[in-house]
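The values are calculated or read from the model by the stated rules, or taken from the named source; none is laboratory data. Nothing here was measured: the structure is a model prediction, and the numbers come from that model. All Cβ positions, even for glycine, are placed from backbone atoms using ideal geometry, and neighbour counts span all protein chains on display. Accessible surface is based on the protein model in full, side chains and every heavy atom, while ligands, DNA and RNA are left aside. Shrake-Rupley method; radii C 1.70, N 1.55, O 1.52, S 1.80 Å.
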Amino acid sequence: MSTNRKFLNFIDGAYVESGSGASFEDRNPIDGSLYALVTEAGEAEVDAAVSAARRALAGPWGKFSPAERSALLYKVADGITARFDEFLAAEIADTGKPVSLASHIDIPRGAANFKIFADTVKGAGSEFFETMQPGGVEAINYAIRTPKGVIAVICPWNLPLLLMTWKVGPALACGNAVVVKPSEETPATATLLGDVMNQAGIPQGVYNVVHGFGPNSAGEFLTKHPGVDAITFTGETVTGEAIMKQAAVGLRDVSFELGGKNPGIVFADCDFEATIEGMTRAVFANCGQVCLNTERVYVERPIFEKFTEALKANAETFKRGDPMDEATNQGPLISQEHRDKVLSYYGLAKSEGAQVVTGGGVPKMADNYAPGAWIEPTIWTGLDDGARAVREEIFGPCCHIRPFDSEDEVIALANDSHYGLATSIWSQDISRANRVAKRVEAGITWVNCWFLRDLRTPFGGSKRSGIGREGGLHSLEFYTELKNICVKL
Ligand code: NAD
Ligand code: 6OD
């Protein structure tokens, strides 16, 4: 199989090859076909990208007002929308996710992420104090926000455009320049965005993309680069630990959105139909490859059997196959390598004593899709609370369901994790849901819903699920330097 498609680095407003000529393959997980070759950036390209970003900060971009930047970011958003089908096709080819999902979530959010932060920055105020000291000394104190500088944006593969723009949007709105390192699995939409940036009139060097892997490749070269002022990263917790060590040199700031092992808490008084519909999404959306997905489900004992049966029934109705068919609602995993990992957890759960309610293996696919990274949605019951399948992030379409008998018990179970990203609570007793939400150790709690987003709200994880919060004004905390000016009157 061959391809003429090649994804190049985007540096200083132009698409460039790597001096070394090194490249790697980008395969479509639907059928394993070769989608594109990707130029691998070496240290020289990473250095060129960081230098271009520094020059951009010293040029006109550094002098634009928030309103001028916001106007340009609206054009970027409009540019994504104008080329919606191109972005959609690229995201689908990289990830295999169905059009029914990507056209409603990934691409629209790619555009929305620029608009929301353009608006946020335009409307943001700051602090002001009148200072009066004994003896008649008077001063005014006010705080201003200035860009932090060159931001390295290190991205995962699960929601490539959405998660990249979630960081690039606020970074640029705040006046920074960025060097993006997309996941090696999903280089397409970040590359395409370079062209949109040029057409929107974003100055050269403000948005750069370098392709490659993590250790000893573009990811590490970028995060170690002394010209990078701060690093924003979404990905696995262990990768976050490695990047934090790299960031320690030069004391660069980090913003981390990391892994999770998210609990879902279902009380017997929930609206059953709505809960099953919501929990089906919470467990299986994007083939279980959303950091917010629920892998631990706790159900109040009186409805445990009924809930398990209903979730099983839904898990068995997913339609796999052609991603462009609107009826398809389950894509493959991102790669064969990731499927091997998820399947190893399927095996582990069984060896740890799980009862397999449904799934547990690889589905039979038509011949053209057989080489793809397909996997069965899987539900287990009966595991011990200490089982690895209950404690470790799997990042696949699977969950363990366990009964509980009291509020205190379920809160203790939910909190018994190194992670603290997201939870959902399902109950018609809103007072109880609130009470439980306050005690659950999670950065984000949804009540009677899941992944319902308002982009002005704080987003991020506690414990090993992250450092910092992004979203709305909270993004300004990371992407700007807050400076106080004291004027004696
Ligand atoms: P990953 O950590 O393997 O890779 C993420 C990125 O880091 C890739 O671009 C990779 O090339 C790069 N990288 C790897 N090692 C590096 C290093 N030493 N230095 C610099 N860069 C390096 O994550 P993934 O497999 O792409 O994504 C899945 C993980 O991401 C899951 O754990 C999931 O929970 C997490 N995630 C979290 C959130 C959130 O908001 N909390 C969102 C999406 C995904
Ligand atoms: O919706 C968002 O802004 C966001 N950061 C979602 C993260 C999903 C994780 O896979």
* Determine the per residue accessible area of region 16-101 with all protein chains present and a 1.4 angstrom probe, expressed in square angstrom. => 39 Å²
* To do: Find out how many positive minus negative residues lie around ASP253, taking Lys and Arg as positive, Asp and Glu as negative, among other residues whose Cβ is under 9 Å from that of ASP253.
  => +1
* To do: Work out, step by step, the length gained on full extension between TYR74 and GLU273: first 0.36 nm times the residue separation, then minus their alpha carbon distance; give nm to one decimal.
  => 67.7 nm
* **Rel. contact order, % - alpha carbon contacts under 8 angstrom, at least six apart, the chain** => 19 percent
* When Lys and Arg each count +1 and Asp and Glu each count -1, what net charge do the other residues less than 10 Å away from PRO156, Cβ to Cβ, add up to? -> -3
* Asked: Working out 0.36 nm times the residue gap between ALA143 and ALA44, then minus their Cα-Cα distance, what length gain in nm do you get to one decimal?
  -> 31.8 nm
* Structure fact -> Sorted by chain and number, the residues with a modelled amide H under 5 Å from that of VAL180, at a separation of 5 or more or across chains, are VAL153, ASN208, VAL209, VAL210
* Check: the chain dipole with +1 on Lys, Arg Cβ and -1 on Asp, Glu Cβ, in debye -> 1000 debye
* Asked: Amide H to amide H, which residues 5 or more places from VAL299 or on other chains are under 5 Å from it, using H placed in the peptide plane?
  -> VAL266, ARG402, PHE404
* Rounded to whole Hz and in sequence order, give me ³J(HN,Hα) for region 474-488 from the Karplus expression 6.51 cos²θ - 1.76 cosθ + 1.60, θ = phi - 60°, writing x for Gly and Pro. => 5, 5, 5, 4, 8, 8, 10, 9, 8, 10, 9, 10, 10, 10, 6
* May I ask you to evaluate 6.51 cos²θ - 1.76 cosθ + 1.60, the Karplus curve with θ = phi - 60°, for each residue of region 354-361 and list the ³J(HN,Hα) values in order in whole Hz, giving x for glycine and proline? => 5, 8, 8, 6, 7, x, x, x
* Structure fact -> Listed by chain and number, the residues whose amide H is under 5 Å from that of ASP253, excluding neighbours fewer than 5 places away on the same chain and using placed H, are ILE231
* **Qualifying trypsin sites (Lys or Arg not before Pro) for region 71-112 [loop in DSSP, other Cβ within 10 Å: at most 14]** => none
* **Cα-based convex hull volume of region 262-454 per residue, rounded to whole Å³** => 116 Å³
* Percent antiparallel among DSSP beta bridges (both partners in region 54-206, rounded to 5) -> 55 percent
* What whole number of Å gives the distance from the Cα centroid of region 181-229 to the Cα centroid of region 383-442? -> 37 Å
* **Sum of side-chain charges, GLY468 neighbourhood, beta-carbon under 14 Å (Lys, Arg +1; Asp, Glu -1)** => +2
* Asked: Name the GluC sites (Glu not before Pro) in region 225-283 that are in a loop by DSSP and that have at most 16 other C-beta atoms within 10 Å, would you?
  -> GLU236
* To do: Distance check, please: which entries in LYS319/LYS438; LYS75/LYS438; LYS167/LYS261; LYS261/LYS319; LYS75/LYS261; LYS167/LYS483 exceed 29 angstrom between their Cα atoms?
  => LYS319/LYS438; LYS75/LYS438; LYS75/LYS261
* To do: At most 15 other Cβ atoms within 10 Å and a DSSP loop assignment: could you name the trypsin sites (Lys or Arg not before Pro) in region 342-432 that fit?
  => LYS364
* Structure fact -> A correct Karplus calculation of ³J(HN,Hα) over region 334-340, with 6.51 cos²θ - 1.76 cosθ + 1.60, θ = phi - 60°, whole Hz and x for Gly and Pro, returns 5, 7, 5, 5, 5, 4, 4
* Asked: What is the distance in Å between the Cα centres of region 284-325 and region 55-86?
  -> 39 Å
* To do: For HIS225, HIS418, write out the residues from largest to smallest accessible area, computed with a 1.4 angstrom probe and no ligands counted.
  => HIS418, HIS225
* To do: On the protein heavy atoms, probe 1.4 angstrom, tell me the percent of accessible surface of the chain carried by carbon and sulfur.
  => 53 percent
